[in-house]
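Data first, discussion second: the structure below is written as structure tokens.
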Ligand SMILES: C[S@@+](CC[C@H](N)C(=O)[O-])C[C@H]1O[C@@H](n2cnc3c(N)ncnc32)[C@H](O)[C@@H]1O
């Protein structure tokens, strides 16, 4: 499961990098004249203050590490449903090499390996405690899993993984499988009313970890702009009842499969 922590308030005529700097309350180019930029959706003024926004960004790794110190491997349930959803990608001829970005305590990788014993998984997370939980899991075998600490937004994955050696997630002719929260999820509506909004569709939980709620359009554009074609994209909806709180929650997840687009493939092979 790919988890994106990146956020961009929608801005006109500036790059995502600049949007990100603006979301954090900074400017992307200190030498540029300080002009007023047009932002389609302004940062909510009842949300998280610039000081805390910047702290959550700067210390994102620490907040997740404290999360795993507190919850160990007890928070997320094993994601056995993924085999039903994505089993076709994991199986098939030859040994599949998978990269899981943001693997946490291993609730995705161990069910995948149990159903696909021939698969090999590179698993990374920026929380050292999460990686320790993966390595001490009773099903961990070095012959099947290479788990390592890496920050997706800062580190070079090629230091751990040979380029073009992964079938699923990043490489040419490979797939990116993504499942994450979808726009309109029950939890998003609750965050909005509690002043926990950082920017559009981006929120902070009480423990400092953050969550982004993806719309179909945003996710599609994000991958298209980076040279991927959309292979599949669905929103999965489920009603979950909490009887003790007499609550019915409409949960929504976005589930998508992307592939490096043919045009990117051909231009990179020309360059090679
Ligand atoms: C919601 S948990 C999902 C864990 C796991 N994929 C699963 O299926 O249970 C999100 C994970 O992403 C990790 N994460 C968030 N931002 C990251 C980043 N920039 N680089 C690497 N890991 C990151 C967090 O530490 C956390 O373990």
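The values are calculated or read from the model by the stated rules, or taken from the named source; none is laboratory data. Here the structure is a predicted model, which is why all the values come from computation and not from measurement. Here Cβ is always computed from backbone atoms with ideal geometry, including for glycine, and neighbour counts include all displayed protein chains.
I'd like the full set of residues that are within 12 Å of the ligand (Cβ to nearest atom) and more than 23 Å from residue 128 (Cβ to Cβ), limited to segment 78-92.
Answer for segment 78-92, where residues must be within 12 Å of the ligand (Cβ to nearest atom) and more than 23 Å from residue 128 (Cβ to Cβ): 80, 81, 82.
Return the only residue of 207, 185, 200 being within 30 Å of residue 70 (Cβ to Cβ), modelled with pLDDT of 90 or more and in contact with a helix residue (DSSP H, G or I) (Cβ under 7 Å, 6 or more places away or on another chain). Let's see the steps before the verdict.
Details: 185 fails: in contact with a helix residue (DSSP H, G or I) (Cβ under 7 Å, 6 or more places away or on another chain); 200 fails: in contact with a helix residue (DSSP H, G or I) (Cβ under 7 Å, 6 or more places away or on another chain).
Answer to the check: 207.
Scan segment 93-119 for residues that are over 19 Å from the mean Cα position of the chain (by Cα) and near the ligand (Cβ under 8 Å from one of its atoms) and report the count.
Going through segment 93-119 one residue at a time, the tally reaches 0.
When you scan segment 111-133, how many residues do you find that are closer than 23 Å to residue 156 by Cα, in a helix (DSSP H, G or I) and in contact with a helix residue (DSSP H, G or I) (Cβ under 7 Å, 6 or more places away or on another chain)?
Matching residues across segment 111-133 total 4.
Against the condition within 26 Å of residue 81 (Cα to Cα) and modelled with pLDDT under 90, how does residue 145 come out, does it pass?
Numbers: within 26 Å of residue 81 (Cα to Cα): yes; modelled with pLDDT under 90: no.
Taking the combined requirement at face value, the residue does not satisfy it.
Would you check if there is a residue in segment 120-136 being closer than 25 Å to residue 232 by Cα, modelled with pLDDT of 90 or more and more than 12 Å from the ligand (Cβ to nearest atom)?
yes
Can you name the residue in segment 208-235 that is in contact (Cβ under 8 Å) with a residue 40 or more places away in the chain and farther than 30 Å from residue 58 by Cα and, of all such residues, is farthest from the ligand (Cβ to nearest atom)?
231
Do we have residue 67 as modelled with pLDDT of 50 or more, under 17 Å from the mean Cα position of the chain (by Cα), near the ligand (Cβ under 10 Å from one of its atoms) and surrounded by fewer than 16 Cβ atoms within 10 Å (Cβ to Cβ) here?
Numbers: modelled with pLDDT of 50 or more: yes; under 17 Å from the mean Cα position of the chain (by Cα): yes; near the ligand (Cβ under 10 Å from one of its atoms): yes; surrounded by fewer than 16 Cβ atoms within 10 Å (Cβ to Cβ): no.
Criteria not met by residue 67.
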